[in-house]
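Below is one structure, written out as C-alpha cells, with a few remarks after it.
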Amino acid sequence: MAAIEANTRRITYRDAVREGLRDALRRDPAVFLMGEDIGKYGGCFAVTKGFLEEFGEARIRDTPLSESAFVGAGIGAALGGMRPIVEIMTVNFSLLALDQIMNTAATLSHMSGGQFNVPLVIRMASGAGRQVAAQHSHSLEGWYSHIPGLRIVTPATLDDAAGMLATALACPDPVIIFEHMALYNMEGELTAAFGPADIDHAVIRRAGRDVTLITYGASLYKCLTAAERLAAHGIEAEVIDLRSLRPLDERTFIDSVSRTHRAVIVDEGWRSVGLAAEIGMRIMEGAFYELDAPVQRVCGVEVPMPYASHLEQAALPQVEQIVAAVTGMMAGAAGGAGAG
Amino acid sequence: MSAQPAGQHAVTREHGLHLLREMLRIRCFEDRCAELYGAGKIRGFLHLYNGQEAVAVGVMQSLRSTDAIAGTYREHGHAIARGIAPRRLMAELFGKETGCCRGRGGSMHIFDATTRFYGGSAIVGGCLPLAVGLALAEKLQGRDGIAVCFFGEGAAAEGEFHESMNLAALWSLPVLFVCENNLYAMGTALARSQAATDLAARAANYRMRAQAVDGMDVLAVEAAARELVAFVRTERAPAFLEARTYRLRAHSMYDPQLYRSKAEVREWEERGPLVTFARRMEAQGLMSEDDLTALREEANAEVDDAVRFAEQSSFEPVADLQRFTYAEVAHGGD
C-alpha cells in the first residue's frame, strides 16, 4: 500500500476537477473558461476559485445569465480556433441553451459535410440529493445521450474528474461532462501523475460472478455499497461504471452480463424512456440467451423532485433497493424491484 | 438612426457593373431555384432572397477573406456574394455529393470552410451567439478579423438576440450584426409581433453603434457597411446595421401570402434593388441596355452551368450516411 499512497494524493472530487482545469489552462493558451459566476465568485461549487487571479479576465470569463448566448459563443469560439470550456452552472439551466447544444453543436459537423468540427467542452453539475427541489435536481444525462453528434461523459472517480477533461479538449467533437453535485465534497485518491483519461470505455469497478450492476456517476457508490452488502450474503456483484454514455460501451456490459447472467441497471434518471431502458434493450439484443433472470432497473421515481428530505430520498435509487433487486432475482422471484 | 436618402452615393461604371452583376447572379440563381422546385429537383424548404440582394452584396464589399460569416436559412444570396461557387451551391440543393455540404445541409444549411461561411442556420436567432463566439475567437487570438451575422427582424424578438447584443457589447467583440428588416417574420408583420419597431434604436440601447439604411439601395448599404466594418475592425467593438428591405417572393414555397396585398408587393417591386440601380446607372450614363443584357446573359449562363453540374453529379452512397456525425480525425462515436 505504501507505494500506492506515494503515487496518490487524498483530495476532494472538487479539487480533482479543479486540477484538471488548471492543468488544461496551463498547457494550452487556446483553452479558456466561461460561465456564470466562475470568476469573481469562484464558481457556484467553488471549482474555479482563484482562477481569475491566476489566469486573468481574458481566460476566466464571467458571463451574464445568458445560457444560450454563452454556449453559442462557445461553439463559435471553438469554430474560430479556440478550446473553450463552458460551465453551465447546473444541468437545469442547460435547458435554456438546448437549442445551441442540440441544433448547432451536435449538428454542425454532419450538416456541413464534415467541413466544421465543434471542439467544445461543456461542464455541468447534475443530480439530486441536496433538497433543492424540482427545478434544481434534474438527471438528464440520458436525455442528452439521445443526441447524435454529442459525446456524454460522467466522471465518477477523481482520476476521471481530473483526466477526462484533457481528453475531451483533445476531442474534435462537442463533449458534455456531467459532474454529479453529490460528488464535489467526496474525498478520494487522485493519481499524482494523472493524465488524459479514456472517454470511450466503461470500466469494471468491482469484479463479481453473480450479477452485473450497471451504473454511472454518483450512483456508482450506491452500487459499490450494495455489492459489499451482497457479498456478506455470499452474492458477488460486478459493478460497471459506464463513464461514457455516448458512445455507450456496450461490449463491456454485454460481456459482463454474459458471465454473470443477471443485470440490474441503476440510474438516478427517470425510469421511462430513459438510459436504463436503452441499456436493458441492448442487453436483450446482445445477451438475451445468456440471461438467467429478467433484467431489473432501479431508477428515479417519476415525479418532479420534492423538497422534503424524506420524499426526495424516496424518489432516488437507494442501496436497499439495489440489494433487494439482486436478492429478488437470485431467489428467482418474479417482478421488478425498481423504485419507478 | 434614420435611413439615408437614396441615390446619394456616387459610383464608377466598373464598380457599378460589379454590384449589378453580383445582384443579378443572385436573382438569376433564385429564380431558377423556384423553377427547379416546381420541377421537383429541389425539395425541402426553400427560402428565396429576391428583393434583398442589395444587403448581402452591399455588405460583402468591405469584408476580407479572413472574416467569418454566419447567416440564416435565406442565405443563398450571401453564399453567392461571399464567393461560394454556384455549382457547389446548386449541387447542394439537388442533394448531390458535390454540393458544398455533400447534400447533408440543403438550402437552409449552406456551409463553406474556405470562405469562412458558417451557415445556414434554420433556427431563427441561432446564428447570433455563434457570430459572437467567432468574434470572441478573433479577439482572443489577436487577429484582425471580424464576424458578420445576417438575420431577419423576426430574430429581434428572440431571447438569443438580446443575449447576443448584450454579450457582444459587454465584451466589446468585433461583430457586425446585419438585421435584414423585410417587414415580415414569415407571415407576421413587425408591428404585429414586436412592441418597439425601431430595431436600430433597440440595438443602440445595448451601448452599440447602430444605424439604419435603405436596404433597397446597394450603394447606401455598401457605404454604411463600409463605415461600420471599419469601425468594428479598428475599434474591436460591435455594431448594428438595420437594412430596411423587402422580400419580393413568398416566405417559402408553401406560402399563399394571405398576410399582404398584391399591391404592396407591386409597390416594393418598383423599389426593387436591381431595377432601381440599373435605372440609376443608365440615367447616369454609366451603363447601356447592351451592358445590362450582357450581364443578364452572363448570370444565366452561370446558373445553366451550375444546374448542369448538379444534374450530372452523383448522390453520396447511403453507406456514408453516418459519416461526419463525429469528426473523422479522431474518435468514432457509436
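Before moving on, here are some points about what is shown:
- For chain B, the 222 nm mean residue ellipticity estimated from helices alone, with every DSSP H stretch of n ≥ 4 adding -39500 (n - 2.57) and the total spread over all residues, rounds to -13500 deg cm²/dmol.
- Listed peptides A:236-244, A:275-283 by packing density, highest first (mean Cβ within 10 Å): A:236-244, A:275-283
- Counting neighbouring Cβ atoms within 10 Å and putting the fewest first, the residues B:S261, A:S66 line up as B:S261, A:S66.
- In a simple Cβ point-charge model (Lys, Arg +1; Asp, Glu -1; nothing else charged), the protein assembly as shown has a dipole of about 480 debye relative to its Cα centre.
- The C-alpha atoms of chain A define a longest principal axis, and helix A:67-79 lies at about 70 degrees to it.
- Proximal lysines to B:K41, defined as alpha-carbon separation beneath 17 angstrom and excluding residues fewer than eight positions away on the same chain: B:K96
- Compared with the dominant Cα axis of chain A, that is its longest principal axis, helix A:250-260 is turned about 20°.
- A:Y41, B:Y326 arranged by Cβ crowding within 10 Å, fewest neighbours leading: A:Y41, B:Y326
- Per residue, the convex hull spanned by the alpha carbons of the stretch A:174-257 comes to 111 Å³.
- In degrees, nearest ten, helix A:319-330 long axis to first principal axis of chain A (Cα): 40
- Pairwise centroid distance, computed over Cα atoms, of the stretch B:104-133 with the stretch A:34-113, Å: 20
- Here the peptides B:123-135, A:100-112, B:189-201 are ranked by packing, the mean other Cβ count within 10 Å, and the order with the highest first is B:123-135, A:100-112, B:189-201.
- The convex hull around the C-alpha trace of the stretch B:13-311, projected and averaged over every direction, spans 14.7 square nanometres.
- Here the gap between A:A170 and A:Y41, fully extended at 0.36 nm per residue and compared with their Cα-Cα distance, gives a gain of 43.6 nm.
- Helix-only [θ]222 nm of chain A, DSSP H runs n ≥ 4, -39500 (n - 2.57) each, per residue, nearest 500: -10000 deg cm²/dmol
- Relative contact order %, the stretch A:2-191, counting alpha carbon pairs below 8 Å whose residues are six or more apart: 28
- Based on every Cα atom in the protein assembly as shown, Rg and the maximum pairwise Cα distance Dmax equal 28.4, 99 Å.
- Across every pair of non-identical alpha carbons in the stretch A:203-330, the mean reciprocal distance, once inverted, gives a Kirkwood radius of 14.4 Å.
- Counting Cβ atoms of other protein chains within 10 Å of each residue's Cβ and taking the mean over peptide A:170-177 gives 3.
- Inter-chain Cβ neighbour average for residues A:144-150, partner chain, 10 Å: 2
- Peptide B:68-74, shielding by other chains (average Cβ, 10 Å cutoff): 1
- Interchain or long-range residues, amide H under 5 Å from A:E87's placed H: A:M34, A:G35, A:R123
- Applying the Karplus relation 6.51 cos²θ - 1.76 cosθ + 1.60 with θ = phi - 60° to the stretch B:150-162 yields 3J(HN,Hα) values of 9, 7, x, 5, x, 5, 5, 8, 7, x, 4, 4, 5 Hz, where x marks Gly and Pro.
- Reachable lysines from A:K49, criterion Cα separation under 17 angstrom, eight or more residues apart if same chain: A:K40
- A:E312, B:E282, B:E14 arranged by Cβ crowding within 10 Å, fewest neighbours leading: B:E14, B:E282, A:E312
- Dividing the mean sequence gap of close Cα pairs (under 8 Å, 6+ apart) by how many residues chain B holds gives a relative contact order of 25 percent.
- Packing-based ranking, highest mean first, of B:283-296, A:317-330 given that Cβ atoms within 10 Å are counted: A:317-330, B:283-296
Read-outs throughout are calculated quantities, based only on the coordinates presented, and are distinct from any laboratory measurement. The model shown is predicted, which means the values in this text are computed figures rather than measured ones. We place every Cβ from the backbone using ideal geometry, glycine too, and count neighbours over all the protein chains shown.
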